[in-house]
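The values are calculated or read from the model by the stated rules, or taken from the named source; none is laboratory data. Model, not experiment: these values are computed from the prediction. Neighbour counts are summed over all protein chains in view; Cβ atoms, including those assigned to glycine, are modelled from backbone coordinates with ideal geometry. Heads up: the accessible areas ignore ligands, DNA and RNA and are worked out on the full protein's heavy atoms, side chains in. Shrake-Rupley method; radii C 1.70, N 1.55, O 1.52, S 1.80 Å.
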Amino acid sequence: VRTAALRLLPGGSSKFQPVDASEVGSRLAGIARGPARNAAEEIAGPEVATLGELSRTWRAARRRRCVIAPLPLIGKTGRALKGGALTAPAAAKAGPGFGAVFGQGRRRHEERGQNERDWSHGGSPEAN
């Protein structure tokens, strides 16, 4: 007997600005080869997205059947993430966007199968 596994992806309104790992490596190599500096360099991806948006992009690109459920983050850490603590809009933009890495570009992924309910926009498992 084979049972179906419930696959969950995190959703929610926490903001992130993912950057391609190869871009980070290139920047670090360039800094290592350059003269010594007493300063930090910020690097960020080209777009800010919520955790829910990143999960929907990944799910559509991988063609996976998953449920996106809100990931509750509370306290100082939760407030900081929702406020964009892991983003740097003024930093140098590097590399392709998160969706472009998967060959999708940045677009909304509305096509959902029966088992791909999305509860990250205020809905609930019972309502879907």
I'd like to verify a number: residues in the range 32-55 that are farther than 18 Å from Ala85 by Cβ, of a type outside the set (D, E, K, R) and loosely packed, with under 14 Cβ neighbours inside 10 Å, how many?
6
Give me the pairs, please: first residue somewhere in the range 31-42 and under 20 Å from Ala90 (Cβ atoms), second residue anywhere and exposed (fewer than 10 other Cβ atoms within 10 Å of the Cβ) and not aliphatic (A, V, I, L, M), beta-carbon distance under 9 Å, and either six or more positions apart or on two chains.
Ile31/Arg37
Being assigned to a loop (DSSP other than H, G, I, E, B) and within 16 Å of Gly97 (Cα to Cα): is that true of Pro18 here?
yes
Give me the helices (runs of 4 or more DSSP H) completely within the range 25-109, filtered to those with at least 1 residues that are modelled with pLDDT of 90 or more, ordered by residue number.
51-62, 75-82
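Based on this model, can you work out whether Leu9 counts as part of a strand (DSSP E or B) and either open to solvent by less than 70 Å² (accessible area, probe 1.4 Å) or polar (S, T, N, Q) (or both)?
yes
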